[in-house]
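To start, the structure under review is shown below, and the notes come after it.
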């Protein structure tokens, strides 16, 4: 190929690369537009968790499940976090002690289940006497497969519930400390509380309880159940699980995108995590703007169902986890205006062609001078 043709081919390739690079650069900038708000919200939430931790690593007596959520959020941000390590040391000590308030006849399975799940997810199981902890937690499982803990005022006693079962199943499955038979019984119990629309009830007689902090309404109940079923390796080929995911997917548009949604940021965080865990990342990502929009001015979060609007470690912890594990929805690249594209191509191509023309002219003149007559 003559040198002049090679130069022309090179110039065309150069222009094409420049146009493609500019297009991809514009696309990348559009997709990164979420980053400042996302990073700011996460940073403020983590700062709130750090500032509100006590010197012992706790976030309040009888609120170990709050500490478990906060510690996991801090650990996800930095696995070497001293704040997270302090909380996990405390949680492990309480789990290892048979005298802790959540064990025994009048205890409840959801709190130690949440503690064990957080410890397992953060690779801190070495701190726990897993044999003793799993044995005590398994004592909450009833013959129907469910785990006890919810106090039913009508029955006048503690009964099995989807919340206690979900958290116990999540913790034991994460820790690899549950035999297959007991796991299948727990899975079966959870599905026994599922409604035709895919949502889950709290107990056989109670749909939900607004003061039950781990799941005050049907969306968070369902999200917790789906997360626990995922830990037990239930796949979407199970139509019952698929109905649960459909319910959560429908809840995104029904509860978390309008202007009057009650501020259920805890439910939104769990829903995002449950959908994301099963690969429904586009639906999960749509919840991130809602979570960010419900952040308090102090950096923390408080679900609209709580008795107090003040930030708390449970809602802030799970919101922080969701902000770290679920990617925000990317902005669609804006359509390129033909006039803008034409001007851009011309601005790149004209100088290149001018330079190329000068080089070719010089090359041909040089050949004429050097070629003998």
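For segment 206-213, does any single residue satisfy the condition of being in contact with a helix residue (DSSP H, G or I) (Cβ under 8 Å, 6 or more places away or on another chain) and part of a helix (DSSP H, G or I)?
Going through segment 206-213, the residues in contact with a helix residue (DSSP H, G or I) (Cβ under 8 Å, 6 or more places away or on another chain) turn out to be 207-208, 212-213.
The next check asks that each one be part of a helix (DSSP H, G or I); those that pass are none.
Within segment 206-213, none of the residues are in contact with a helix residue (DSSP H, G or I) (Cβ under 8 Å, 6 or more places away or on another chain) and part of a helix (DSSP H, G or I).
I'd like the full set of residues that are touching a strand residue (DSSP E or B) at 6+ places or on another chain (Cβ under 7 Å) and within 16 Å of residue 175 (Cβ to Cβ), limited to segment 134-153.
Our first condition is that a residue be touching a strand residue (DSSP E or B) at 6+ places or on another chain (Cβ under 7 Å); within segment 134-153, this holds for 140-142, 144, 146-152.
Within segment 134-153, 140, 141, 147 qualify.
Of the residues making up segment 159-187, just one is under 17 Å from residue 107 (Cβ atoms) and out of contact with any helix residue (DSSP H, G or I) (no Cβ under 9 Å at 6 or more places or on another chain), namely 159. Of all the numbered requirements in (1) surrounded by 18 or more Cβ atoms within 10 Å (Cβ to Cβ); (2) free of Cβ contacts under 8 Å to residues at least 60 places away in the same chain; (3) not in a helix (DSSP H, G or I), residue 75 misses one, and that requirement is (3).
Determine whether residue 138 is more than 24 Å from residue 86 (Cα to Cα), out of contact with any helix residue (DSSP H, G or I) (no Cβ under 6 Å at 6 or more places or on another chain) and modelled with pLDDT under 95.
no
Scoring residue 200 on the criteria (1) touching a strand residue (DSSP E or B) at 6+ places or on another chain (Cβ under 7 Å); (2) within 19 Å of residue 273 (Cβ to Cβ); (3) modelled with pLDDT under 95 leaves a single failure, condition (3). Scanning segment 241-287 for residues that are in contact (Cβ under 8 Å) with a residue 40 or more places away in the chain, farther than 14 Å from residue 198 by Cβ and buried (at least 23 other Cβ atoms within 10 Å of the Cβ) yields 264, 265, 266, 267, 268, 269, 270, 272, 284. Return a yes/no flag: does segment 98-106 have any residue that is surrounded by fewer than 23 Cβ atoms within 10 Å (Cβ to Cβ), modelled with pLDDT under 95 and under 19 Å from residue 214 (Cα atoms). Within segment 98-106, one or more residues are surrounded by fewer than 23 Cβ atoms within 10 Å (Cβ to Cβ), modelled with pLDDT under 95 and under 19 Å from residue 214 (Cα atoms).
Looking for whichever is modelled with pLDDT of 95 or more, part of a helix (DSSP H, G or I) and in contact with a strand residue (DSSP E or B) (Cβ under 9 Å, 6 or more places away or on another chain) here; the options are 160, 131, 165, 67. Which one fits? Let's see the steps before the verdict.
Numbers: 160 fails: part of a helix (DSSP H, G or I); 131 fails: in contact with a strand residue (DSSP E or B) (Cβ under 9 Å, 6 or more places away or on another chain); 67 fails: in contact with a strand residue (DSSP E or B) (Cβ under 9 Å, 6 or more places away or on another chain).
Within the list 160, 131, 165, 67, the selection yields 165.
Which condition number does residue 224 fail, the rest of (1) at pLDDT 95 or above; (2) under 22 Å from residue 254 (Cβ atoms); (3) not in a helix (DSSP H, G or I) being met? Of the numbered conditions (1) at pLDDT 95 or above; (2) under 22 Å from residue 254 (Cβ atoms); (3) not in a helix (DSSP H, G or I), the odd one out for residue 224 is (3).
The values are calculated or read from the model by the stated rules, or taken from the named source; none is laboratory data. In this text the structure is predicted, and so the values were computed from the model without any measurement. Positions of Cβ are generated from backbone atoms using ideal geometry, with glycine treated the same way; all protein chains shown enter the neighbour counts.
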